[in-house]
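Taking it in order: structure first as structure tokens, then the write-up.
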Amino acid sequence: MSGELSKTPPYNVEAEEALLGCCLIEPESIMGLCREKGLQAESFSRPSHIILWKILDQMDRERYGIDIITVLDRMKSVKLSTYEGRKNDPDGDKSVDDVIDGMKLLMRITSRIESTVYAHHWLELIMDKWTLRKLIVATTKALERCYMPDESPASEILLETQQAVFGITDTSDDNSPKSMKNARKILDERMIARQARKGMGSVTSGLDELDKITGGIDSSEFVVIAADPKGGKTALALCYAESVLWPTSMYIEPASVLMFSLEMDASEVMQRIAQKRNCINIRRVREGFSEEIHRFNNGLHEVEEASLYVFDNPDMTIADIRTYARRHIQKHPDTALIIIDHMGLVKSSDKRMFNRNDVNTSITRECKRMSKEFHRPVILCAQMNRQNRKDKKDEDSYQSPIPAMIAYGTGCEEDANKIILIGVKSKTEREIVVAYQREGGSGSFWPAFCDWCVRFDNPGEGPNHSTRQQPIKQPEEDLF
């Protein structure tokens, strides 16, 4: 290959001047188009163009008339030091007009074009060059970090690089403060969506009492579901998954669910959902009862057609989970829920971190970041430490669970929007406790629980209260 690659960052000065000229000629429509496409001051390559865009943007937000005369007047009245990063500039006390020769700049850019008909084309050129410059910065930073000995684990560098690269396509200014007008718009949209779902969040459990206490789960919320081993935490998480995959309301479209199952493989998850959803006694299936086998096969076919995706690799860190989730959402934007089962099996991303409390705190912190970054609810299953039963053979020794019983879960209360605990009193008795939620309110209730199909129902409902399916006698065994 002849010659060397150019080290000059990509830019298109002509397109920048043409677009700025369009903003001066037809500010009402062109300024709105630029904001809609995510144009920012950093999208321009020349300092004079950056300053001019900031002036135009400020004047447009103030509903101030934009033309050559008013813009030039603003340039003369504003000092360069008023702009971010220019406070200690040697020319900070000078007006913007003196620094960038405002009249000459304005005359040049307005004489370049006669019509705004190609404004969208020039805008695309500018955004394309800006994307390339951001990509250069992100990859260069990653390359520098790779050459630093013992600086950070490779998994951490990879995660940060992926976040930076994927963040390039997001042109929204997330680091700027949000006005109350924008917040009101988002809140109104959320309330309208809730009204369509009868006051519930984007994801519900199907258990009336639980949904009444929590109001469902909204997007960007991080929820912890904790129970003793075999207490039903996965079953409750799957209740939320069912509401997404098979919504009961005709006004809600089915969506996808992404599940990271570190305890069960994908086939076991499929069996659990089919068994739970159709009240299947898996022992009858194994013993060859034809009716039960037929219903089980029908249930498997229903689950097979659902948009449920399961990562069942048991050797994952929270950095791996976040990376896989990001890639999956890129391919399946209809993903409405992320489930991680469970916290105790997630490996540490940092090999230097040995304390399990610290590991779990980093896991809950990353789950909270995932929910906000992806704008989707994240459910994390966790185990409790069996302290709600002082004597496992004495049901009277039962006490309602509290967040302190979550094994190595000191970070849950800091990061979670909701904490839902499941207390195990006996084989068929469970208490669901909403111990904490940021929006306020807590409570508990005793749902109907069927141990032979691992299913939660509203009180007075379920297979144990139905004549359609009667449980066979189970062997006396201690599940606790």
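Every number here is computed from the coordinates shown, using simple stated rules; none is lab data. None of these values were measured; they are calculated from a predicted model. Because the Cβ atoms are built from the backbone with ideal geometry, glycine has one as well, and the counts that use them run over all protein chains shown.
Things to note:
- In a reduced charge model with +1 at each Lys and Arg Cβ and -1 at each Asp and Glu Cβ, the stretch 202-465 shows a dipole moment near 680 debye about its Cα centre.
- Listed cross-link partners LYS134/LYS368; LYS185/LYS233; LYS212/LYS347; LYS230/LYS372; LYS134/LYS347; LYS37/LYS181 are compared with a 28 Å cut-off, the Cα-Cα value being larger for LYS185/LYS233; LYS212/LYS347; LYS230/LYS372; LYS134/LYS347.
- Rounded to 5, the percent of DSSP beta bridges in the chain classed as antiparallel: 40
- In this structure the amide hydrogen of LEU262, modeled in the peptide plane, comes within under 5 Å of the amide hydrogens of ASP341, HIS342, none closer than 5 places in sequence on its chain.
- Computed Rg/Rh of the stretch 202-465, alpha carbon atoms with Kirkwood Rh: 0.95
- Applying Stokes-Einstein at 25 °C and 0.890 mPa s to the Kirkwood radius of the stretch 13-127, computed over alpha-carbon pairs, gives a translational diffusion coefficient of 173 µm² s⁻¹.
- Normalising the average separation of contacting C-alpha pairs (under 8 angstrom, six or more residues apart) by the number of residues puts the relative contact order of the chain at 14 percent.
- Helical mean residue ellipticity (222 nm; -39500 (n - 2.57) per DSSP H run of 4+; nearest 500) of the chain: -14000 deg cm²/dmol
- Most positive-pole-ward Cα, SER115, MET127, SER155, against dipole of the stretch 92-168 from beta carbon charges: SER115
- When both bridge partners sit in the stretch 202-465, DSSP labels roughly 40% of those beta bridges antiparallel.
- Measuring spread by the Cα atoms of the stretch 207-335 yields a radius of gyration and Dmax of 15.9, 45 Å.
- Burial ranking of peptide ranges 354-360, 238-244, 380-386 (average Cβ count within 10 Å, highest at the top): 238-244, 380-386, 354-360
- The alpha carbon convex hull volume per residue for the chain rounds to 220 Å³.
- Across the stretch 13-127, Cα pairs under 8 Å and at least six residues apart give a relative contact order of 39 percent.
- Using only side-chain charges placed at the Cβ, +1 for Lys and Arg and -1 for Asp and Glu, the dipole size of the chain relative to its Cα centre rounds to 440 debye.
- C-alpha center-to-center spacing [the stretch 267-292, the stretch 91-130] in angstrom: 68
- Relative packing of 89-100, 273-284, which averages over residues the other C-beta atoms within 10 Å, highest first: 273-284, 89-100
- Each of SER426, ALA226, CYS34 was scored by the projection of its Cα onto the charge dipole of the chain, and the greatest displacement toward the positive side belongs to SER426; charges sit on the C-beta of Lys, Arg, Asp and Glu.
- The residue among ASN182, ALA336, VAL203 whose Cα reaches farthest toward the positive pole of the charge dipole of the chain, with charges on the beta-carbon of Lys, Arg, Asp and Glu, is VAL203.
- If only the Cβ of Lys and Arg carry +1 and only the Cβ of Asp and Glu carry -1, the dipole of the stretch 185-279 around its Cα centre is close to 180 debye.
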